[in-house]
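The values are calculated or read from the model by the stated rules, or taken from the named source; none is laboratory data. Quantities reported herein were computed from a predicted structural model and do not represent experimental measurements. Positions of Cβ are generated from backbone atoms using ideal geometry, with glycine treated the same way; all protein chains shown enter the neighbour counts. Heads up: the accessible areas ignore ligands, DNA and RNA and are worked out on the full protein's heavy atoms, side chains in. Shrake-Rupley method; radii C 1.70, N 1.55, O 1.52, S 1.80 Å.
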Amino acid sequence: MKINLISDTVTKPTKEMKKVMLEALVGDDVFGEDPSVNHLQSKLADMFGMEAGLFCPSGTMTNQIAIKVHTQPLDELICDKTSHVYQYETAGYAYNSGVGVNLIDGDYGKITAEQVQKSIKQVYDWLPISKLVVLENSTNKGGGNYYELDEIAKIKQVCDDNNLVLHLDGARLFNVLVETGESTIDVGRHFDSISICLSKGLGAPVGSVLLGKSEFIRKARRFRKVMGGGMRQSGILAAACTYALDNNIDRLKIDNNNAKELGALLSGLSFVKSVNPVKTNIVIFTLKDQKAVDFVAKLAMKDIIAAAFGEYQVRFVTHLEFTEEMKIRLFEVLRLIND
Ligand SMILES: *Cc1c(COP(=O)(O)O)cnc(C)c1O
């Protein structure tokens, strides 16, 4: 039994999802004529009270397009130092948009309204223009931490007062909403644009959707095309994403709970120095005196796949393929390593 907790992106389409994909109505989406893509885009836009949506191959693309539409070269974006847009998108902000990045030293990936306020640059010829704030919810490298809406509202206020736009990298947003009980409509009110990944815990094989005003999405479509993301009969993929939204949101609570249980177990093990607070489906812990790569290799020999996340840090991400049986096995192996 292989237990792969390297990421929630490893989830594969189920039989039911594949059936929906097989039967999907399709057309040419570059002409805007794929009914399954159009349905997914408007379904998500409606959920968040946004005017329009754009289906893209990845969350990197939705984030990169958002940065591109919201900024001009020589502007800068403000984000936490662990943000996906800064760490894991190949410096695309510089390459695609010609913007700088103004990093904030946040708390497990979360930044505050005060920090944003302080980081806004004055207007001088020799400084980039602060233009865009990117929040990540939940935080990835930050270990699954999340914002509550009142914290976001304060940041939005700072943005409004200073002519900044606010983008949400909501790759794992639904893992947050099953915890807070907040509504998608309320989230939508606070952002100029939102990126949602369907290919993580929601279980679709491919796809992210960018949401925003109609004019924003009209521009975004052009950038999706130039980045090579204009797909043809992509309704086969969009149908899987719609299925994921209809069936796999509520069950994310199970993933979050499994992560919390795993975190609690790790806290009591002698080889663990500390466990970051577990808020959603990501568990990051620090080893006492062995290197993360060695520990991860040891687990791999037992068919358990985790990510080495820094010299002494290891990450597990729970997801819908992590069964009760696997949980029992994983806990057993971790206790054995402890002895
Ligand atoms: C996974 C992820 C993305 C998008 O990743 P892709 O692999 O390009 O789909 C964006 N932001 C965060 C926080 C993520 O975890």
Selected residue (criterion: farthest from the ligand (Cβ to nearest atom)) from residues of segment 1-45 that are among the acidic types (Asp, Glu) and surrounded by 15 or more Cβ atoms within 10 Å (Cβ to Cβ): 28
Segment 263-281, subset of a type in the set (A, V, I, L, M, F, W, C) and over 26 Å from the mean Cα position of the chain (by Cα), residue farthest from residue 173 (Cα to Cα): 271
Some residue of segment 180-198 being in contact with a Cys (Cβ under 8 Å, 6 or more places away or on another chain) and closer than 29 Å to residue 260 by Cβ: yes
Among the residues listed as 82, 139, 90, the single one being part of a loop (DSSP other than H, G, I, E, B), open to solvent by 40 Å² or more (accessible area, probe 1.4 Å) and either in the same structural domain as residue 158 (by TED's automatic domain parsing) or free of Cβ contacts under 8 Å to residues at least 12 places away in the same chain (or both): 90
Looking only at segment 48-65, and only at residues there that are within 11 Å of the ligand (Cβ to nearest atom) and small (Gly, Ala, Ser), the one that is least open to solvent (accessible area, probe 1.4 Å): 59
Residue check, residue 172 surrounded by fewer than 18 Cβ atoms within 10 Å (Cβ to Cβ), modelled with pLDDT of 95 or more and in the same structural domain as residue 24 (by TED's automatic domain parsing): no
Sole residue being assigned to a loop (DSSP other than H, G, I, E, B), away from the ligand (no atom under 16 Å from the Cβ) and open to solvent by 30 Å² or more (accessible area, probe 1.4 Å), chosen from 122, 115: 122
Among (1) open to solvent by 70 Å² or more (accessible area, probe 1.4 Å); (2) not assigned by TED's automatic domain parsing to the domain that holds residue 195, the one test that residue 306 misses: (1)
Matching residues, segment 278-300, being assigned to a helix (DSSP H, G or I), open to solvent by less than 70 Å² (accessible area, probe 1.4 Å) and β-branched (Val, Ile, Thr): 296
Options 248, 281; residue that is in contact with a Gly (Cβ under 8 Å, 6 or more places away or on another chain) and either β-branched (Val, Ile, Thr) or over 22 Å from residue 1 (Cβ atoms) (or both): 248
Residue within segment 67-76 that is assigned to a strand (DSSP E or B), away from the ligand (no atom under 15 Å from the Cβ) and open to solvent by less than 80 Å² (accessible area, probe 1.4 Å) present: yes
